[in-house]
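See below for the structure under consideration.
Coordinate-derived values only; no laboratory data. Everything numeric here is computed off the predicted structure, so don't read it as measured data. Here Cβ is always computed from backbone atoms with ideal geometry, including for glycine, and neighbour counts include all displayed protein chains.
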Amino acid sequence: MGLSNPATENRADETTTVSTMSPNWVTSRLDFLTNWARANSLWPMPFGTACCAIEYMATAASRFDIARFGMERQSFSPRQADVLICAGRLPFKLAPVIRRIWDQMPQPKWSISMGACASTGGIFDNYSMVQGIDTIIPVDVYVPGCPPRPEGLMYGILLLHKKIKGETIADEGLRVEKLVGPSGLYLPPERVDELSEPFGNSVQQTRSS
Amino acid sequence: MSTPSPAVAALRSEFGSAIGRHFVSSDQTVVFVDRDRSHDALAWLKDAPGQEFNYLTDVTAVDYRDPERSLEVVYQLRSLHRKADLRVKVGLDKREPLEVRSVVDLWRGADWLEREVYDMFGVTFVGHPDLRRILMWETYAEGYPLRKDFPLRGHFSRAEQTRQALAANPEAHYSLEELSIADAYGELPKDMQERLSRGERGFLK
């Protein structure tokens with residue numbers, strides 16, 4: 001066609017060497033490859049309990065479209081899910097439910113706590129609400145906001161990508177299941193109390209009133 | 001606008017001293033009825049010609065900070081074809097057991113409403129067919145959250161609340177009928193039958 005490739009033009013006699021220009025293979029670290037594959041096709045398990053779930057739906061829909069991050073496959077079964085997204089406040093009555101779902105998810109798994117209520121209890125500093133889902137399950141990324149805008153959740157997802165890409169498959173500690181122990185909690189009770197401490201305006205409110 | 005509903009005068013002539021004070025608030029007539037005659041009065045309001053309050057809009061309760069003041073159970077009645085409303089209140093002395101006759105036999109819709117009042121205020125509805133907690137889980141041990149003497153964050157520490165919540169076994173509290181699979185029970189695998197009959201436990205045996 002009148003065109004010639006300058007890279008191959010002068011290599012008529014290089015028949016015995018392997019061409020480094022071949023597009024058919026690459027070298028890489030196994031970690032990089034694994035993490036690249038994991039991070040770019042996270043299957044989310046949506047656990048939507050409140051208004052954050054509406055923002056989550058907006059994030060999943062066409063305008064913001066988390067399919068761009070390989071997350072278009074909403075996994076409504078925990079056994080085929082990678083990332084649990086708790087979108088909304090978690091009452092104590094749902095605590096055993098999200099714990100069961102988390103336990104049913106196979107490793108490797110991550111979780112995103114979406115919104116103020118899931119992360120801290122938010123405005124619900126009362127008798128019926130879990131003060132942050134990190135007292136129930138381990139959390140990787142907290143997304144603040146009430147509710148967070150889709151951009152906020154996408155930023156959280158990208159942070160999770162970053163975290164996953166920094167992991168190594170040699171670190172077995174990452175994949176240890178943190179189960180509910182004989183104390184009935186997965187954390188020491190003092191840690192749960194500390195995580196549930198009131199902050200901000202709630203500090204003004206005594207436990208007795 | 002502040003004329004009381006004619007149902008009040010009719011109640012007084014029918015039940016006499018069992019009917020307490022009444023007043024009108026926001027065009028709504030409120031009438032107090034003695035606890036012992038509450039079921040009779042409500043049954044009469046439902047069925048008597050000229051009254052026919054055939055729809056029970058709501059059953060709820062009010063607790064006041066004043067420990068001397070009685071806890072009030074509120075029945076919001078409506079007559080669908082007369083388009084008339086009446087609010088009936090029953091005062092319960094807080095120093096005595098909080099008990100009142102159930103009205104589930106009059107209005108089937110009172111079932112869950114009375115369960116909610118029981119759950120939140122601890123009022124026992126005598127004669128209720130299935131008086132269990134409905135919002136909180138059934139092993140909830142901290143008390144009755146909407147009572148004024150209930151602290152906002154509950155009685156227990158957060159760790160204890162979390163522990164009890166995780167130990168609660170949601171499936172065990174539903175009967176097969178509630179799970180709507182009673183008919184299929186015989187065809188389920190053996191292990192699932194066993195699990196459903198005793199309720200599945202997580203890590204806490």
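Take every Cα pair under 8 Å in region B:32-138 that's 6+ residues apart, average their separations, divide by the length, and report that relative contact order as a whole percent.
Once normalised by length, the contact order is 24 percent.
So what is the relative contact order for chain A, in percent, with contacts set as C-alpha pairs under 8 Å and at least six apart?
19
Can you give me the long-range amide H partners of A:TRP110? Hydrogens built in the peptide plane at 1.01 Å from N, cutoff under 5 Å, separation of 5 or more residues or another chain.
When sequence neighbours closer than 5 places are left aside, the close amide H contacts are A:VAL83, A:LEU84.
If you build a Gaussian network model of chain B, linking Cα atoms that sit under 10 Å apart, which residue out of B:LEU80, B:LEU152, B:LEU56 swings the most?
B:LEU152
Give the average, rounded to an integer, of partner chain Cβ atoms located within 10 angstrom of each Cβ in B:141-154.
Going residue by residue through B:141-154 and averaging, the value is 3.
Distance in nm between label sites at B:ASP40 and A:LEU159, each 7 Å beyond Cα in the beta-carbon direction?
For B:ASP40 paired with A:LEU159, the spin-label model returns 6.7 nm.
Which whole-angstrom value gives the distance between the alpha carbon centres of region B:134-152 and region A:55-113?
30
So what does log10 I(q)/I(0) come out to for chain A at q = 0.15, 0.16, 0.17 Å⁻¹, using the Debye formula with one equal point on every Cα and no solvent?
-0.97, -1.07, -1.18
Can you say what percent of the DSSP beta bridges in region A:39-150, counting only those with both residues inside, are antiparallel? Round to 5.
5
Which residue fluctuates most in the GNM of chain B (Cα springs below 10 Å): B:GLU116, B:GLU96, B:GLU138?
Most flexible of the set in this elastic network: B:GLU96.
Among DSSP bridges having both ends in region B:1-135, what percentage is antiparallel? Round to the nearest 5.
Around 75 percent antiparallel, to the nearest 5.
Can you list the HN-Hα couplings for region B:82-96, worked out from phi with the Karplus curve (6.51, -1.76, 1.60; θ = phi - 60°), rounded to whole Hz and with x for Gly and Pro?
Those phi angles translate into 7, 6, 10, 10, 8, 10, 10, 10, 10, x, 10, 5, 6, 7, 9 Hz.
Long-range amide H contacts for B:THR29: which residues qualify at under 5 Å (H placed 1.01 Å from N, peptide plane, sequence gap of 5 or more or a different chain)?
Residues meeting the criterion, in which the H sits 1.01 Å from N, are B:SER5, B:ARG87.
Lysine pairs, Cα distance under 22 Å, 8 or more residues apart or cross-chain: how many in the protein assembly as shown?
Number of lysine pairs found: 14.
When the helices in the protein assembly as shown are scored as -39500 (n - 2.57) per DSSP H run of 4 or longer and the sum is shared across all residues, what 222 nm value do you end up with, to the nearest 500 deg cm²/dmol?
-8000 deg cm²/dmol
So what's the projected area for the protein assembly as shown, the Cα convex hull averaged over all directions, in nm²?
Result: 35.2 nm².
Taking amide H positions as placed 1.01 Å from N in the peptide plane, with prolines and chain starts having none, which residues 5 or more places from A:MET129, or on another chain, fall under 5 Å of its amide H?
A:PHE92
Report ³J(HN,Hα) in whole Hz for each residue of region A:133-147, in order, from the Karplus equation J = 6.51 cos²θ - 1.76 cosθ + 1.60 where θ = phi - 60°; Gly and Pro get x.
Karplus values, whole Hz, x for Gly and Pro: 6, 5, 7, 10, 9, x, 10, 8, 10, 9, 10, x, x, 9, x.
For region B:1-135, what Kirkwood radius comes out of the mean inverse Cα-Cα distance, in Å?
Hydrodynamic radius (Kirkwood, Cα only) of region B:1-135 equals 15.1 Å.
Using the alpha-carbon centroid of each, what span in Å lies between region A:162-179 and region B:1-50?
Region A:162-179 and region B:1-50 have Cα centres separated by 69 Å.
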